[in-house]
Amino acid sequence: MSSAAWADNSSPVGLWRNVDDVSGKPRALIRIIESNGTLQGRIEKVFLAANESPTCAKCEGALKNAPVVGLVILSGLKKDGNEYTGGQILDPDNGKVYSSKISVTNGGKKLNVRGFIGVSLLGRSQVWERQQ
């Protein structure tokens, strides 16, 4: 990866921390990379509660019981104006895959992540914080 990609705060390439919607506590660190014109996000670290599994117990197929660390949760996102669209996001908590789009805000410090079914109005959003 070029150093220019790291210096460009308008790019989502980098390390991001997401926060649990309910507890407000950090959930994971996700590394976003660009490969062949599309973005991919892989979990690098998880912050688990005592009762949580470090595997994707509710995932299906080849991902069933896969370790959450190393899991690709974002894929297929392509630049579309100020957003990256046309991708998918996996929720390791429920094993479901949703359509997704992301956009960088707040001078590159925040990432708006939207997962949805069908149209973007039917879904949920998270704001991830840049770590590097």
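The values are calculated or read from the model by the stated rules, or taken from the named source; none is laboratory data. Keep in mind it's a predicted model, so treat the numbers as computed, not measured. Backbone-built Cβ (ideal geometry, glycine too); neighbour counts: all protein chains shown. Only protein heavy atoms, including side chains, enter the accessible area calculation; ligands, DNA and RNA are left aside. Shrake-Rupley method; radii C 1.70, N 1.55, O 1.52, S 1.80 Å.
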Inset, instruction - Considering only 18, 36, 82, give the residue with the highest GNM mean-square fluctuation for the chain, with springs between Cα atoms whenever their separation is below 10 Å. - result: 36
Inset, instruction - Apply 1/(1 + (r/R0)^6) to the Cβ-Cβ distance of residue 112 and residue 55, taking R0 = 35 Å, and write down the FRET efficiency to the nearest 0.05. - result: 0.80
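Residue separation times 0.36 nm, minus the C-alpha to C-alpha distance between residue 25 and residue 124: what's the value?
33.9 nm
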Inset, instruction - Using label points projected 7 Å from each Cα along Cα→Cβ, tell me how many nm separate residue 96 and residue 47, to one decimal. - result: 2.5 nm
Inset, instruction - List the relative contact order of the chain as a percent without decimals, with contacts defined as Cα pairs under 8 Å and 6+ residues apart. - result: 21 percent
Legend entry - Accessible area (Å², per residue) of segment 34-132, counting only protein heavy atoms and a probe of 1.4 Å: 59 Å²
Inset, instruction - Work out how much length residue 131 to residue 17 would gain on full extension: take 0.36 nm times their residue separation and subtract the Cα-Cα distance, in nm to one decimal. - result: 40.4 nm
Legend entry - Cut-off of 10 Å, at most 15 other beta carbons, DSSP loop: longest stretch of the chain lacking such trypsin sites (Lys or Arg not before Pro): 1-57
Inset, instruction - Among the listed pairs 25/79; 25/45; 25/110; 45/101; 78/101; 64/96, give every one whose C-alpha distance is greater than 19 Å. - result: 25/79; 45/101
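Using a Förster distance of 22 Å, how high is the FRET efficiency between residue 9 and residue 72, based on the Cβ-Cβ distance and rounded to 0.05? Numbers along the way, then the final one.
On the way: r = 24 Å, r/R0 = 1.08.
Taking R0 as 22 Å, the efficiency between residue 9 and residue 72 is 0.40.
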Inset, instruction - Over all directions, average the projected area of the Cα convex hull of the chain and note it in nm². - result: 8.2 nm²
